[in-house]
Amino acid sequence: MGDESSEKKSACPHPEAVGKRYGDPIGEERQAELQGTLDAWDAETDHGERTGPFAGVELTGADVYWLVERVRRLGLLGVVGPVPDAHLEGANLSDVHLERANLSEAHLEGADLTRVYLEGADLTRVNLEGADLYRAHLEEVDLYQAHLEGTDLRRAGLNSKTNLTRAVLDVYTSLRDIHWSGVGSVDLTQITWTPVLRLGDESVLKRDDKADDYEAAVRAYRQLAAQLRAQGMSEVADRFSYRAQVVQRRVLRKRRRWGRWFGTWLLDLISGHGYKPMRSVFTYALVVLGFASVYYLLGNSVHPALAPLDALIFSVTSFHGRGFTPGELVTLHNPLTVLAAGEAIVGLLIEITFIATFTQRFFAR
């Protein structure tokens with residue numbers, strides 16, 4: 001008795017969805033309703049403001065199966081194969097059971113797929129631009145070359161068998177709080193990350209949004225960076241880690257933590273939070289040349305006056321805290337001595353940030 005019950009549970013993990021799942025049949029009355037919606041859509045010339053025949057229409061997995069099979073029959077396709085003429089743009093598929101569905105090349109732009117069950121589905125080259133996949137079950141889903149521009153994947157579930165090879169993302173794709181099934185389990189190495197300069201979690205933020213909204217974007221960047229770094233994609237991970245620091249500074253500003261805000265702003269300016277080491281080089285050159293120019297322009301105000309080369313050498317040594325008195329002894333209150341002391345303090349701060357930059361860039365992982 002126990003074994004029989006176990007078998008039934010295994011065969012039907014979601015008994016409440018019987019008759020509504022992908023692959024289940026639908027009645028003739030429902031078929032007529034769906035066909036009528038399609039006919040009305042085909043009859044339109046400009047389609048008005050609707051993005052697709054089922055925009056805003058609530059569908060079940062069984063409805064989707066009938067629509068997909070209809071496309072295959074009309075296209076003289078077999079049981080398997082892509083369905084580029086399956087237009088489900090803007091459809092309401094929230095909580096729908098589409099396990100093992102074959103929706104390759106289907107149009108799901110702007111569809112509501114929140115909490116949808118897609119385990120094991122074929123979504124190769126599917127169009128999901130602007131779709132809402134919040135808390136969607138994407139375990140073992142094939143998203144090869146899928147279009148995910150502007151897609152909301154917050155808290156979606158993925159695993160090691162989720163295929164994202166050559167999937168297309170953009171700056172409006174949201175990846176916050178995804179369930180990755182462990183660090184490095186989902187292969188992200190086959191995605192072209194070059195055009196993804198930032199995530200949608202940051203792109204959608206507005207100036208008047210709350211600090212919690214900005215913190216969520218920080219979390220998205222750090223989670224993604226951890227996944228990428230675990231797969232050896234450190235350069236891409238560094239880019240997103242840097243964006244996390246930039247957005248974190250906005251969090252500090254919104255929470256009015258001005259001391260920390262200024263510190264992070266200064267660190268970003270000098271070294272890019274350790275991810276842009278060339279900024280330290282430029283800062284070093286700018287400070288040394290700036291102070292050298294001041295030393296030279298002081299001219300007859302100090303004794304002795306410094307030639308251009310002397311001013312440069314004096315600036316370099318002062319920057320590193322090894323200043324000396326050129327020529328004969330100069331009093332401590334002399335402008336040259338005071339400026340040299342100031343440059344030594346500035347130099348110390350920059351050297352500290354440079355060391356932190358070097359450590360972060362090459363050793364901290």
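Every number here is computed from the coordinates shown, using simple stated rules; none is lab data. As the structure is a computational prediction, the values presented were derived from the model and not from experiment. Please note: Cβ atoms are built from the backbone with ideal geometry, for glycine as well, and neighbour counts cover all protein chains shown.
Is the C-alpha gyration tensor of the stretch 119-159 telling us rounded, prolate or oblate? Criteria: a/c under 1.5 is rounded; beyond that, a/b larger than b/c is prolate, otherwise oblate.
Details: a/c = 2.30, a/b = 1.03, b/c = 2.22.
Since a/c reaches 1.5 but b/c is at least a/b, the shape of the stretch 119-159 is classed as oblate.
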Practice task
Highest first, please rank the peptides 219-226, 34-41 by the mean number of other Cβ atoms sitting within 10 Å of their residues.
Solution key: 219-226, 34-41
Practice task
Within 10 Å, count the other beta carbons around each residue, average over each peptide in 346-354, 92-100, 163-171, and list them highest first.
Solution key: 92-100, 163-171, 346-354
Exercise for the section: Note down the nm distance, to one decimal, between modelled labels 7 Å out along Cα→Cβ at residue 166 and at residue 341. Expected result: 6.7
Practice task
Along Cα→Cβ, 7 Å out, is where each label goes; now give me the distance between the ones at residue 255 and residue 352 in nm to one decimal.
Solution key: 2.2
Handout entry: Rounded, prolate or oblate (a/c below 1.5 giving rounded, otherwise prolate when a/b exceeds b/c) for the stretch 194-322 by Cα gyration tensor
Key = prolate
Handout entry: Pairwise label distance in nanometres, residue 58 with residue 213, each label 7 Å out on the Cα-Cβ vector
Key = 2.9
Problem - residue 301-residue 187 FRET efficiency (beta carbon distance; Förster radius 51 Å; 0.05 resolution) - result: 0.20
Handout entry: Ascending count of other beta-carbon atoms within 10 Å, so fewest first, for 51, 192, 337
Key = 192, 337, 51
Practice task
For every other residue with a beta carbon closer than 12 angstrom to the beta carbon of residue 120, add +1 if it is Lys or Arg and -1 if Asp or Glu, then tell me the sum.
Solution key: -4
Exercise for the section: Rank the residues 155, 243 as a footprinting-exposure proxy: fewest other Cβ atoms within 10 Å of their Cβ go first. Expected result: 155, 243
Handout entry: Estimated FRET transfer efficiency when R0 is 22 angstrom, pair residue 32-residue 74 (beta carbons, to 0.05)
Key = 0.85
